[in-house]
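Below is one structure, written out as structure tokens, with a few remarks after it.
Values in this text are rule-based calculations from the coordinates and carry no lab data. Quick caveat: nothing in here was measured; it's all calculated off a predicted structure. A quick note on method: Cβ atoms are made from the backbone with ideal geometry, for glycine too, and the neighbour counts reach across all protein chains shown.
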Amino acid sequence: MEEKNQPIQEENIEVWADLVNIKDLVLALIITSVFTLGAYFIAPNEPPKPLYFGLIGSIVGFIISSILIKPKRKFETVENGDI
Amino acid sequence: MDITLIMQMVLAAAAGTLIYTIIGIAPGTDETAVLAPVTLVLVLTGLEPIVILTFFIASIIAKKLTDSIPVAVAGVPGGVMAAPMVEHALVLKQYGKSDLSIRKMASGSVIGTIVAVPLSLLLANALIPFSDVIQNYTNQILFGGAILLALMSRNRWIALASIVPFAILIQGLRHLYWGLGVVPEGTNVFVSFFLGITIGPVILILFELLNKDKRKSMQRYGLKSIVLNKDAKHKGLPNPFKILTKQELSISTLASFFGSILFILSPVGITILLGELVSSRVKDPIKKSSLAISSMDALTNASYIAGTLIPLIALGIPLSPVAIGPANALFNAPPVFTLEHNMHHILSNTDFIWAATIGAVVAIGITYFVIVKYAQQICTFVFRWVPHEAMLGLFFGLVLLLAFMDGGLVNIGGVLLIGLVAGFMHRLGINYGVQFMVLYAAPWIVSQLANLS
């Protein structure tokens, strides 16, 4: 299965049952971590506000990375009954 | 029970249903990883316990209804529990019967819920007389649970051998935090260790990516092919009792019954067992697969509900794989809940009935009809717009947040260490159940060892 001359398309790896691109994964990790912890630290220091802020931050990070990153999936449609 | 509280419960149930209908479909989402952090956060925010329980019940039902759907549509399991169904769902897909398998699975789930909710309430009440005795031996039971889960897993000897070293790692970190003064002495860091174990396999891969040789030798892929069938449209309201045949109905009911009684065993294990039992008896491939997936879905649903409700109502100790995994926050989420003060102690019997009923009715009412009618569209939406990277990022962010809250910067390192070890143990074949039980039993195991020497 050594295909050294394969063009760069084949660059995704499998993590937890789905495919990711390493650069995109690092980007997503950085974006969510920064938004989550950032929101946590700017929150007023009265519990449970920091937790709420952090949670909202993580969701914002999730939405931003969903917009920036394209899922590594392609779609084919077949007629019902194809084997 | 006043009307504002009921409204809150209905709203919480609807929120849980919507969130987990979508998350359930996203591929590769482990039940514990997606349910535990959100429930933990809700508990820590100090919402009414009964509202949280309603949210949780609705969430597991919605999650279990939907996580088998991508199996039918694309052969990709939406969660660990749906993995045993892939084989049978693929048979139906090959015969072009994806829509049939969706309707069979979702209907099986509904049967599982209808059987499990009342049965769990009954079983729990039957267990209550013994709860005092059981509670006196909590530590021994948790340790016994770790051994039992280890013995029942596929790689039993390595699981057994891992118990003591892992307990020492956990207690070692806790004593370090006490010694450094980052955590008050006697307070056991729990939540973030729990999450560290959950995303252990991901942490391990992230570390491996930092190794140049490892990174280069990793298997590379193009894009993941998702094959969708052209969908047949359905008219009218679906009815699970019409969609399932008599045989499927009776086997699903029976499976739900056993799934509830055997709440203490691993749901994935009994699902695989059931699948094999059913497959060996029916010859026709389509009938065999329909029977297998409907009854498997009934069983996973039932064992999830029973595994949450029975230990919660009867014991207050997380004595089932579900209770120790996804439902963990209902039992132990310091400082709000501890093993001496959690939903078991706070909620009354009527509270449990209300929460279970509202959660189940709202989740089935929304998800069942939506899924049966729009399975294809929802799957396409999630597959097309939700990248796996963003899901991983979200979990990682939550783990960082809770790690920092538990024990500051030092604990972020500690949680990474736990994740690294847990991920490696996972790769060696030691399942989550054993690791979680050890997390609970660690203080007792280590103090017993110290007393022995």
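Taking a cut-off of 39 Å, what percent of all Cα-Cα pairs in the protein assembly as shown are separated by more than that?
In whole percent, the long-distance tail amounts to 22.
If the chain between B:Ser250 and B:Arg215 were fully stretched, how many nm would it gain, using 0.36 nm times the residue separation less the Cα-Cα distance? Provide the component values of the computation, followed by the final result.
On the way: separation 35, 0.36 × 35 = 12.60 nm, distance 5.06 nm.
Result for the pair: 7.5 nm of gain on full extension.
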Spin-label pair B:Ala450/B:Leu180, simplified geometry with 7 Å Cα→Cβ offset, distance in nm: 1.9 nm
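How do the peptides B:384-397, A:19-32 rank, highest first, by the average count of neighbouring beta carbon atoms within 10 Å per residue? Walk me through the numbers on the way to the answer.
Details: B:384-397: 24.4, A:19-32: 20.8.
Order by mean packing, descending: B:384-397, A:19-32.
Taking 0.36 nm per intervening residue step and subtracting the Cα-Cα distance, what contour gain separates B:Glu340 from B:Ile22 on full extension? It would help to have the intermediate numbers written out before the result.
Details: separation 318, 0.36 × 318 = 114.48 nm, distance 3.48 nm.
This chain segment gains 111.0 nm when fully extended.
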DSSP-defined antiparallel bridges as percent of all bridges, the protein assembly as shown, nearest 5: 55 percent
Simple label model, 7 Å out from Cα along Cβ direction - B:Leu420 to A:Glu10, nm: 3.2 nm
Of A:Lys74/B:Lys216; A:Lys70/B:Lys224; B:Lys97/B:Lys288; B:Lys288/B:Lys373; B:Lys63/B:Lys287; B:Lys63/B:Lys104, those spanning more than 18 Å from alpha-carbon to alpha-carbon: A:Lys74/B:Lys216; B:Lys288/B:Lys373; B:Lys63/B:Lys287
Cα long-axis angle, helix B:200-209 against chain B (0 to 90 degrees, to the nearest 10): 80 degrees
Inter-label distance, nm, simple model (7 Å from Cα along the C-beta direction), A:Val60/B:Asp284: 5.8 nm
Principal axis box of the stretch A:14-68, alpha-carbon based, largest edge first, Å: 41, 19, 15
Nearest-ten-degree value, helix B:31-44 long axis tilted from longest Cα axis of chain B: 60 degrees
Net dipole in debye of the protein assembly as shown [+1 Lys, Arg Cβ; -1 Asp, Glu Cβ; about Cα centre; nearest 20]: 1280 debye
Folded to 0 to 90 degrees: helix B:156-180 orientation relative to chain B principal axis, Cα: 50 degrees
Inverse of mean 1/r across different Cα pairs in chain B, Kirkwood, Å: 22.4 Å
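How big is the shadow of the Cα convex hull of the stretch B:298-437, averaged over all directions, in nm²? Show your work: numbers first, answer last.
On the way: hull surface 43.8 nm².
The directionally averaged projection comes out at 11.0 nm².
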Residues B:Phe436, B:Phe258 arranged by fewest to most Cβ contacts within 10 Å: B:Phe258, B:Phe436
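Using only atoms on other chains, find how many Cβ atoms lie within 10 Å of each Cβ of peptide A:22-30 and report the average.
Numbers: counts 5, 1, 5, 11, 4, 3, 10, 10, 3.
Mean shielding count: 6.
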